[in-house]
Amino acid sequence: MKLLVINGPNLNFLGIREPEVYGTATYQDLCDLITNYVENKDVELEIFQSNHEGDLVDCIQQAYYDKVEGIIINPAAYTHTSIALLDALKSVMIPAVEVHISDLTKREDFRQISYVGMAAKKTIKGHGFNGYLEAIDYLLTLK
Ligand code: DQA
């Protein structure tokens with residue numbers, strides 16, 4: 001199965017940013033965890049990170065041409081603002097799982113709305129890095 005992991009702004013700063021919220025493991029640790037997890041699975045996986053909304057839209061559109069079969073997306077702060085990302089996910093019609101490292105239900109009011117989540121088949125929040133692995137397992141059940 002061809003899967004794409006997309007991470008939004010500031011996730012490249014994992015391990016540096018707000019360790020009390022996101023932990024001390026780095027972005028590279030997250031990428032290694034995901035890559036190792038799929039190693040013995042029938043999965044072809046790409047991981048993309050950008051701090052720029054348009055680049056994230058371009059990546060989602062490219063997934064359509066690349067015949068990606070499942071998207072795991074942590075849109076980070078764009079979760080709560082981006083109708084462009086919502087529309088991009090709806091446009092490509094690829095099953096998507098929204099992942100958040102922190103438990104948004106216990107955080108600020110402005111984090112309670114997720115536009116991107118409206119295009120996702122499932123949302124996993126508050127499970128730390130493990131949420132990405134759960135998302136992969138879920139997408140594999142769709143195959
Ligand atoms: C986040 C939660 C968002 O509200 C925040 O802007 C992030 C990370 C998470 O993974 O918990 O950057 O998506």
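The values are calculated or read from the model by the stated rules, or taken from the named source; none is laboratory data. Treat the numbers as computed from the prediction; the structure is a model and nothing was measured. Ideal geometry is used to build each Cβ from the backbone, glycine not excepted, and the neighbour counts take in all protein chains shown. In case anyone asks, the SASA skips ligands and DNA or RNA and just uses the protein heavy atoms, side chains included. Shrake-Rupley method; radii C 1.70, N 1.55, O 1.52, S 1.80 Å.
With contacts taken as Cα pairs under 8 Å at a separation of at least 6 residues, the stretch 2-141 carries a relative contact order of 26 percent.
Centre-to-centre separation between the Cα atoms of the stretch 106-130 and those of the stretch 55-88: 15 Å. Protection proxy ranking, highest mean first, for peptides 43-53, 116-126: 116-126, 43-53, where packing is the per-residue count of other beta-carbon atoms within 10 Å, averaged. Of the peptides 92-99, 68-75, the ranking by mean beta-carbon count within 10 Å, highest at the top, reads 68-75, 92-99. Surface composition of the chain: carbon plus sulfur atoms hold 50% of the accessible area, using a 1.4 angstrom probe and ignoring ligands, DNA and RNA.
Among the protein heavy atoms, those of S91 account for about 80 Å² of accessible surface (1.4 Å probe, every chain in place).
When the Cα atoms of the chain are enclosed in a convex hull and the volume is divided per residue, what value in Å³ results?
Details: hull volume 13.2 nm³, N = 143.
Per residue, the Cα convex hull of the chain comes to 92 Å³.
What the stretch 2-141 shows is 50 Å² of accessible area per residue, with the surface traced by a 1.4 Å probe over protein heavy atoms. Annotation: amide H of I124 within the under-5 Å range of E98, V99, H100, sequence separation 5 or more or interchain, hydrogens built in the peptide plane. State the number of lysine pairs found in the stretch 2-141 whose Cα atoms come within less than 26 Å, restricting to pairs 8 or more positions apart or on distinct chains. Total qualifying Lys-Lys pairs in the stretch 2-141 comes to 19.
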